[in-house]
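Right, one structure below, let's go through it.
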Amino acid sequence: MTKITPDELDTDFQFGPDGFARVVFRGRLDARTVATCWDGLERRLRAASLKTLEVDASGLRFCDGAGLALLRYLSMRLMTPEAIVSISGLESGLAQLLRGFTSEDYAAFRPPMRVKCRSLPEEVGSEVRRAAWDLREQIEFLGSVVGKLPPTLLDRRQMRWPEVRRVFELAGANAVPIISLVSILVGLIIAFESAQPLAQFGAQIFVVNMIGLVMVRELGPLLAAILLAGRSGSAFAAEIGTMKVNEELDALQTLGLDPIRFLVVQRITAAILLTPLLTFYATFLGVTGGVLVALGLGFPLPLIFHQLSSTLRLSDIGLGMAKGVVFGAIVSGVGCLRGLQTLQGPSAVGVSTTRAVVTSIVLIIIADAIFSILFYFLTR
Amino acid sequence: MSEPTEIIISVRDLKVGYGKNVILRNVNFQVRPGEVFVILGGSGSGKSTLLKNLIGLYAPLEGEVWIEGDNLVAARGNERQDLLRKFGVTYQSGALFGSMSVLENVRLPLDELTALPEPLKELAALAKLKLVGLGAAAQKLPSELSGGMQKRAAIARAMVLDPRILFLDEPSAGLDPVTAADLDLLITELAHHFGITFIIVTHDLASIYAIADRVIMLDSRSQTIVAEGRPAELRERAADAWVRRFFNREPDAVASGLHL
């Protein structure tokens, strides 16, 4: 018998005739020693087609949950399915624990092996149903906001203008640095990239016309709206979603306050007032970026202004601002709706913010397409 | 650097707080192995802050926390990691990971910290779940469990690595009396049969009488321990009138500023 340190486990195998084997554990059976002796046990016991397995645990000085798990694994014949297994010499408390968890328990509590997989039609059906339900909720929400916006706006007491001001500052004033950076860079990049192909036709000066039109009619409103969706639409969803999870929305309702009048109207009002301003600012900086490139190409400033003023009509600027209003309403409305739709659970608020941003951006692009078509027919 | 073995936790001259805001000072106590030790105090007395200092989530402003002969406050690196594994903690809300099933929650420490083979991890985790009476709920998500079941699942997770010490933060908060009594029973069972030492933060009087071997009482006015002893002793003859009032659940309308 070899001498072992108290921290170690000694495993001794004895094999006899007629598929008999005996395993002697001595020392410490814990998570670490179990992990190290496991491979040896698997190799020696599983391979030998055993009829009888005796486990001698009388030499164990320490055995924890992991050690018990190993003894259970052996005694449940999971390693040697053919053999009759007996465990002897276990200290009485541990033996009681070992008996406390049986093969029947194991079979009953184990996770089911098969993974439930839905068929394609089932999947498609449930997705369509979900999408239809979501559309229905969006329409209901739109209806109730449109219904409640005017009376709330007219009622000074209900409107909570300080809240509107707070949202205005958070979503608007605080967004100015990021909008400045993104817009001016986008203006610079587009002008710079298009200057080279235009130079082949000797038409470099038209960089100014192009950047003016693109920024005023398309990119200014889009940039402002997408940044608003990322910064503030998500924040609305998270704020309202957290309130929902914390039962604050329920508290509002039982106090006789309507969440739409109390929370949503203010945010939508602020966003509708705010987005045209942000749009104007983004457009201005985007065009500035283009102008900087034109200056860099050597065109004089008066010529650049002449080009701009000859291309841009007032209706273009009006279109940009109108888009701003609509995009603002979309972003804030979707953000609030997703917040109100928040379910229970730890990941619910995260899901809501993601859905808010994704839905906002999709709806912004769709609205933009509708604007383009309308504008084409109106100005033909 | 070694402590006498009959003391499992020793707290010396602990001063806890946030920056300049001291919440408790001169905190000294010792816990014996297998004891159910309760930290008690009114709302805002710094119970939870003290607990977070004891388990190493916050660093105390001053003082030492000795766990099984090692000072947790001074320990760094691997030594600290080993020390942290000597105890399990459950939090007020249970703090089960919501995206994992109960079994996965309980398995997690085994998965991350041991090299056990897969089937043994599952067996060990299921055995712990059966011990707290949750075997049949192994496949459920935490959100599908009742409050009491969540607390028990959290205890199973805290003890899956077989620590000798368990810290419980308000185990009976938000539970009905029957469920709370079940939980008390589980705690005393675990303490007596497995020799697990419990350090429990609570202000549930009924549960204190049922489980506590020894109690320390914190007070926000004197910012330290105002009483220590067996719960029945303290109820009968604590030196401090406020402590007696607490144990007898008498109102203190004047002090709390109620004018009815």
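The values are calculated or read from the model by the stated rules, or taken from the named source; none is laboratory data. Keep in mind that what you see is a predicted model, and the values were worked out from it rather than measured. Cβ atoms come from the backbone with ideal geometry, glycine included; neighbour counts cover every protein chain shown.
Things worth noting here:
- Summed over the stretch B:106-154, the residues that are within 7 Å of chain A (Cβ to nearest Cβ) and in a loop (DSSP other than H, G, I, E, B) give a count of 6.
- Residues that are closer than 17 Å to A:Glu218 by Cβ and modelled with pLDDT of 95 or more number at least 3 in the following helices (runs of 4 or more DSSP H) confined to the stretch A:244-327: A:265-296.
- Any hit, the stretch A:43-65, residues being within 11 Å of chain B (Cβ to nearest Cβ), in contact with a helix residue (DSSP H, G or I) (Cβ under 7 Å, 6 or more places away or on another chain), aliphatic (A, V, I, L, M) and closer than 30 Å to B:Ile196 by Cβ: no
- Meets criteria (outside the structural domain of A:Gly339 (by TED's automatic domain parsing), of a type outside the set (D, E, K, R) and surrounded by 11 or more Cβ atoms within 10 Å (Cβ to Cβ)) for A:Val145: yes
- Within the stretch A:327-360, restricting attention to residues that are surrounded by fewer than 18 Cβ atoms within 10 Å (Cβ to Cβ) and more than 14 Å from chain B (Cβ to nearest Cβ), the residue that is nearest to A:Val245 (Cα to Cα) is A:Thr354.
- Of the set (1) surrounded by 14 or more Cβ atoms within 10 Å (Cβ to Cβ); (2) among the acidic types (Asp, Glu); (3) more than 14 Å from the chain's Cα centre (by Cα), all apply to B:Asp13 but (1).
- Number of the condition not met by A:Leu90 [criteria: (1) under 26 Å from B:Arg164 (Cβ atoms); (2) within 14 Å of chain B (Cβ to nearest Cβ); (3) crowded, with 19+ Cβ neighbours inside 10 Å]: (2)
- Qualifying residue in the stretch B:194-208 (condition: in contact (Cβ under 8 Å) with a residue 24 or more places away in the chain, out of contact with any strand residue (DSSP E or B) (no Cβ under 6 Å at 6 or more places or on another chain) and within 14 Å of chain A (Cβ to nearest Cβ)): yes
- Residue match in the stretch B:162-180 (condition: more than 30 Å from B:Arg25 (Cβ to Cβ), within 13 Å of chain A (Cβ to nearest Cβ) and either without any contact (Cβ under 8 Å) to a residue 12 or more places away in the chain or in a loop (DSSP other than H, G, I, E, B) (or both)): yes
- Qualifying residue in the stretch B:40-58 (condition: farther than 22 Å from B:Ile211 by Cα, aliphatic (A, V, I, L, M), under 15 Å from the mean Cα position of the chain (by Cα) and not assigned by TED's automatic domain parsing to the domain that holds B:Gly135): yes
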